[in-house]
Structures are given as structure tokens and as C-alpha cells.
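The values are calculated or read from the model by the stated rules, or taken from the named source; none is laboratory data. Treat the numbers as computed from the prediction; the structure is a model and nothing was measured. When we count neighbours, we look across all protein chains shown, and the Cβ atoms used for this are built from the backbone with ideal geometry, even at glycine. SASA here: full protein model, heavy atoms, side chains in, ligands and nucleic acids out. Shrake-Rupley method; radii C 1.70, N 1.55, O 1.52, S 1.80 Å.
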Amino acid sequence: MSNNSNKRRLYRDAKEETRKQVKIETPDTETPSDLEISLPKKRFYRQRAHSNPFSDHALNYPINSDSMDWKQLYPQNYPNYQVEIADIGCGYGGLMIQLGPEFPNSLILGMEIRQQVTQYVEDRILALRQMNKDKDYKYGNIQVLRGNSMKFLPNFFKRGQLSKMFFCFPDPHFKQRKHKARIITNTLLSEYAYILKEGGVIYTITDVEDLHLWMVKHLDSHPLFERLSKEWEQQDKCVEIMYNSTEEGKKVERNNGSKWIACYKRLPNPDDTE
Amino acid sequence: MKHPFQLLTSDKSGKYLFTSNQNVIQVFNFGDGNVIGEWKDETESGQLKTVKNDEKKGKAKFSQSISNYIRYLILDDSENYLIACADSDKSILIFKLDLNASNCLNLIKRQQIPKRPSSLAVQDSIVVVADKFGDVYSIPIDSEISDMDKLEPILGHVSMLLDVELVKSKNEKPFIITCDRDEHIRISNFPKSYVIKGYLMNHKNFVSKLFVPHFDSSLLISGGGDDYICLWNWYNENLMQKIDIRELVEEYLDDFHLPPERIRKEQEEEEGKLIKETSIAQISSVTIGEKSYVIILIEHTPVLLFFEFVNNNLKYFQILKFEDNIVNFAVTGDEIIVSLDSETLVKALKFDIEFKIDENEIVSRIIDQISINTDSNFQQLYPISSLRKRKENEF
């Protein structure tokens, strides 16, 4: 193990200790204890950008959505603990941190397949909660879970539970052979349609034009989705946040790259289906 | 020695026995034991070779030969067609049955699909094929052969699909049920399969078999790598019963059921002992008079488990032991025909207070006419246990 990766591991271990302490000592209270928690440093958590969605990762997920204990994840009291907004492949969590205060009464969940990146977001949220414990908005409605969204969304969410799903700068999986590994495919869209409520919205953004065209093609041809207009995009707060706030989005900006957006509304099921 | 039948199936009345033995399909008249149809897959396959994993990559070392097998044999509702899968070129075979011809099997269609099929179902002249890549294709019996590259999946899981069923609700609405290696059972509308109705989730391991009993099509029995099977009302998405099977078969488990060598040490350290694993190989049912029984086969065991269906529940009824491992079985009317991995090859069961082995001449005639002789090992007769997920190393 190189000196550097050793240093990164030690840093993450120390953060994990803090995380455990907060969870064990103050599982249900609104404010974490008096522990000093600093914002985590991203460079200690970096991980390669790709993950194989087909492999059997050692993941934790509930046997079904009824077995999920959301109270463990969200410290403040929420009327029904129903996650409404999901950021699929949330990366370093930039989008959620902006969405959180925008929708203070909705629970927002980020899902990320890479372990260290998930830990970073977890530590980041812990630190934000600690730093804002005396403010009106305390970041209590955002949380992250490690998971494979392409396999296990129905383990977490019920039919029609979500009102918004975000797919920001997903892995382009350029090779033809790997296209089924893309996060938007005809067959996966049926699963997203299942957990989205009627009128719910799928947001997509990417800096890879080819991937954008692929996502548009698949969403256009899916009978349960209809593209929202440019005018709609312009007035939607989430589009603006998505365009400006994610880490990937900012990186693209720095490199003077382009960003493509496509948003789709969940249509009602046909009358002859159940 | 003769190769045991890897698959048996029958028509509703139990007049005919459809079998597959390596790459040969044979049809027997169950009245006299005569062969009335035979078909051999002569296709050469580019893939019929021994696959060996790369040891250098540090992955599990095993070798598996892919042979030219016929997998899956089903009859359509009208019993005019027999549908099968051929390993050689990953194709679906559709035979028109002509029971008056000298050979009743008339191949009318051979449709290749892109990935290896893992199960199939048929309803109202439409065949659906689930594959190991997680996709389901729909193939109408009467349509022209489609260009393989133009086939579009009608639904898909990001997982290996292991079984598929076409069913109808009480008001005759069709649905398609699929199950996968990641514990899911999904119910979708059919043919509008892009509308998912719901999921049945209570398995902790892969789900290898789905069974909708003919005596009540609102029920579904599912099983796989768990110690239990589940009885569901699939339409209401309601788990009615979880039935433990481990206790019943524990004494019939052997070294085959141990986890693979590479994880034994770890398991012994963690659990203090090695845990034998059960995998459901087949689920079926038989009706005798007014009573219905569900039959369960655990892979690589010499026993059939019988459960009586009473008051919407499965009640343990009987365990019947054979002299060797059971490969497959078929219900022919009120009898059960069992394929054995031994010199005995086939046994018949009859019901008389309980299920009993019935020595009959027709079975001997059938055995005499088995055409495949082989000295190879029969490892491929037991493919299900290898589906179990093992933790992969994290990167």
C-alpha cells in the first residue's frame, strides 16, 4: 500500500469513528452531541468513477420496502418519513445539499454505489447538521445510502412513492457492449415509472452528447414518460440547481464543456392496466 | 450407461410423456410406452467447449463444459405445440404436434435469441423467453422468424432471470411474473409489460422457481436458495405462508450442498460450522380426487416433498425417498413420473392413501428406449446451486 493511500485510509477510519460515535450516542435526537465535526475532505475519499452494476457487491438493503427504517436515517421528526426525492448516483452530494433547503419538508435520499464516495457524503451531511444545529434549516431532510439503484430500488421504495428522480452526470458506459449498464434503458424506465407517482418528474443532465441522445431516445419511446418543454425547464427551480450546483456540473463549467438537460413527466398508466 | 432424462413433462390428461435427454427430445405414448416422436438437435455450436476461468485474475477456479442440451419443455394451452430451448445456438424451438404422424414432432420454428435462455412460458399462442442477461422476449407461435438483432425486450431486470410465468387474474387479465438472482419477483401487466403491477419480496436468496397451481391461479409458490418456500396470493401481493423445508430435507443433504471450497474457511470462522445449502429445483402439483398436493424437489436430493393444500395453506403431507438423486419429475394425470440419476432411470408413483412407487411395465419399456448412452458425468443435471451469490471483493 502506498503512503498516500494509507493516509487516505487512516483519514477515513478516523471519520468513521466519529460517524459511529454520533450514531451510537445520539441515535434519535435532533442535534448531534458536542463532538467537533469538520467538513470532510474530498481528496481522502476519491474512487474511480466506474462501478459494475452487474456484480454482486456486498450491499445492505432491506428485504422489502416495509422493512426499511427511515427514522434511523433522518434525525428530525417528519410526519410520515416517506422519501419523495431521490438523487440516483448522487456522487459527492452537491445536488442534495442545494435541494435540501429548497424542499425543507420533503425527505431527500441520495443513492451511490461507490463505498468511499458514499462515506464522504455521509460525513459531509453529519458535519453540515452539526454546523447548522442552531439554525432554522439543519439539513435533517437529506441523507445518503450506498446501493445499486439499478437492482434494488423496489427494496426501498413503494409504488408511486417518489415525486422527483434525478440522474445527474451518469456513467456514460461508452462501449456498445456495456450499454445495458447505462442507468437509463427502456426496461429500467419501467421500474422508475413504478416508483414515481403520476405527474412525477425524471431529471437528466449530462455533458456527454451521445449519452444525452441515448437517454432522450429511450425516454421518448417509453409509453409512461413525456418530455417537458424548454419553457418548463426554464421556470423549474430544480433544473437551475441541477445545472449549477453539482460537482460534476461545476467541473464541466470549468472545462467550458456543454451540459444537456432532458426532463420527463410520468404519465398515467393506460386504463387497461393495473 | 444410459443418460438420465434431464426433463420430463406431460399433457393435462397424462396420455403422453415428453422427455429430453441431452440434445434429444423423445415423446412416449404413456398407454403403451412406445416412442411416438423423436427429434435431435444436430446444430453444431461454436460455444460447445470447456470454459475455464482465468486463474491469474484471482477468481474462483472452476470449469464447466457447456453441452448441447435441450432445456425447458412446455406445452401450450391447446396442447398443439411443444416449446423447447436448445443450448447449442440459444434458440427457441416450436414443434407442431401431429399425433397421427409417424413422428409427432414437427419443428415449425427455430428462433435464436441474443443471450442464453433461462426459462420460458406460453399463453394464448405467445411464447415468452427469459434470459440470463435479465431480458424477456415475446415470440408469437405463428409469426415469421425475426432477425435476432431486431428483437426488443418486453421487460428486463438488471439481474439474471431465472424463471418466468404467464398468468391470468380472476377477471381473465393476463400478467407476466418474473424472478431473478437478486431475490426479486416482479409482476407486470401483459402485454403492456412496461406497467409493473408490483413486487413480491420476501426471499433472501435467489428465486429459481415460480409455480402457479392449476387448482387456484391466484396463488403462486416461489422458491430458490432459501431454507423456505413462499406461498403468495400474487394478485393481492400478499404473502400467505412461509414453509420451512430445511428441517425436512436436512438428513438428505450431503457434500454437494456444502458451500464452495474457497469460502469454507471463512464460513467456519464466522459461523463456527459449515452450513449446507438448499436450492429449489422444481415445484409442481398434482390433484387426486378432491385433494391437491404441491410437490417440491430440492436439487441433488433423493426425495420428493409433498404438501397438501388445505384451507389456503400448505400442510406437510409426505416425504418419499428414492434410491438415488432425482433429476426431474412430471405429473401425468394422477401419476408422477420421476427421472433418477442412477441405473434405474425412471420410476412411477401412484396414490393410495399416500404416494407410493408403482412398478409398471410401461416404465420399463420407456427405459429400454432411451437412446442416449454416455459415460460423461452428469454435473449439468444440477445447475441451480451455483446461482447463489457470494460476496465479491470490493475495490
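How much length is gained if the chain between B:Glu144 and B:Asn100 is pulled fully straight, taking 0.36 nm per residue apart and subtracting their Cα-Cα distance, in nm to one decimal?
My answer for the length gained is 13.3 nm.
Using the 2.2 N^0.38 Å rule of thumb for compact globular proteins, work out how chain B stacks up: its C-alpha Rg over that value, please.
Normalised Rg, Cα atoms only: 0.96.
Using 7 Å Cα-to-Cβ label points, what is the B:Met240/A:Lys237 separation (nm, one decimal)?
4.9
Rounded, prolate or oblate for the protein assembly as shown? Axes are the square roots of the Cα gyration tensor eigenvalues, ordered a ≥ b ≥ c, and the cut-off for rounded is a/c under 1.5.
prolate
Where in the range A:173-268 are there chymotrypsin sites (Phe, Trp or Tyr not before Pro) that are in a DSSP coil and have at most 16 other Cβ atoms within 10 angstrom of their Cβ?
Those that pass, being in a loop and sparsely packed, are A:Phe174.
Among B:Pro117, B:Pro260, B:Pro140, which one moves the most in a GNM of chain B with springs linking Cα atoms closer than 10 Å?
Per the Cα network of chain B with a 10 Å cutoff, B:Pro260 tops the list.
Per residue in the range A:175-193, which ones lose no less than 40 Å² of accessible surface when going from chain alone to all protein chains (1.4 Å probe)?
A:Lys180, A:Thr187, A:Ser190, A:Glu191
Treating only the Cβ of Lys, Arg, Asp and Glu as charged (+1, +1, -1, -1), what charge dipole size does chain B show about its Cα centre? Round to the nearest 20 debye.
Charge dipole of chain B: 960 debye, to the nearest 20.
Given the rule -39500 (n - 2.57) for each run of at least 4 DSSP H residues, summed and divided by the residues of chain B, what is its mean residue ellipticity at 222 nm, to the nearest 500 deg cm²/dmol?
Taken over chain B, the calculation gives -1500 deg cm²/dmol.
Per residue, how big is the convex hull of chain A when only Cα atoms are used? Give it in Å³.
That works out to 154 Å³ per residue.
Quick one: putting +1 on the C-beta of Lys and Arg, -1 on the C-beta of Asp and Glu, what dipole do you get for the range A:81-273 around its Cα centre, in Debye to the nearest 20?
Charge dipole, the range A:81-273, about its Cα centre: 560 debye, nearest 20.
With a 1.4 Å probe, how much accessible area is buried between chains A and B, both sides summed, in Å² to the nearest hundred?
3100
Can you give the accessible area per residue of the range A:37-193, in Å², using a 1.4 Å probe?
The answer is 39 Å² per residue.
If you build a Gaussian network model of chain A, linking Cα atoms that sit under 10 Å apart, which residue out of A:Val252, A:Val144, A:Val201 swings the most?
Comparing A:Val252, A:Val144, A:Val201 in the GNM, the peak value goes to A:Val252.
Looking at the range B:147-203, which trypsin sites (Lys or Arg not before Pro) are in a loop (DSSP not H, G, I, E or B) and have at most 14 other Cβ atoms within 10 Å?
Filter output for the range B:147-203: B:Lys170.
Below 12 Å, Cα to Cα, which aspartates and glutamates can A:Lys265 reach? Residues fewer than 8 away in the same chain don't count.
A:Glu198, A:Asp220, A:Glu226, A:Glu233
List the residues of the range B:167-197 for which accessible area in the full set of protein chains is at least 50 Å² lower than for the chain on its own; 1.4 Å probe, protein heavy atoms only.
B:His184, B:Lys192, B:Tyr194, B:Val195, B:Ile196
Would you work out what percent of the accessible area of the protein assembly as shown, with all protein chains in place, is carbon or sulfur (probe 1.4 Å)?
45
Can you give the angle from 0 to 90° between the axis of helix A:209-221 and the longest principal axis of chain A, with both taken from C-alpha atoms, to the nearest 10?
Orientation of helix A:209-221: about 60 degrees from the principal axis.
What lysines could a cross-link reach from A:Lys175, if we take a straight Cα to Cα line under 16 Å and drop same-chain neighbours fewer than 8 places away?
none
What is the sum of charges around A:Lys251, taking Lys and Arg as +1, Asp and Glu as -1, for the other residues whose C-beta is under 11 Å from the C-beta of A:Lys251?
Overall, the nearby charge balance is -1.
Of B:Lys168/B:Lys291; A:Lys230/B:Lys192; B:Lys273/B:Lys391; A:Lys151/B:Lys132; A:Lys158/A:Lys197; A:Lys41/A:Lys71, which pairs sit farther than 20 Å apart, going by alpha carbon to alpha carbon?
Result: B:Lys168/B:Lys291; A:Lys230/B:Lys192; A:Lys41/A:Lys71 exceed 20 Å.
Could you work out the relative contact order of chain B, using alpha carbon pairs under 8 angstrom and six or more residues apart, expressed as a whole percent?
13
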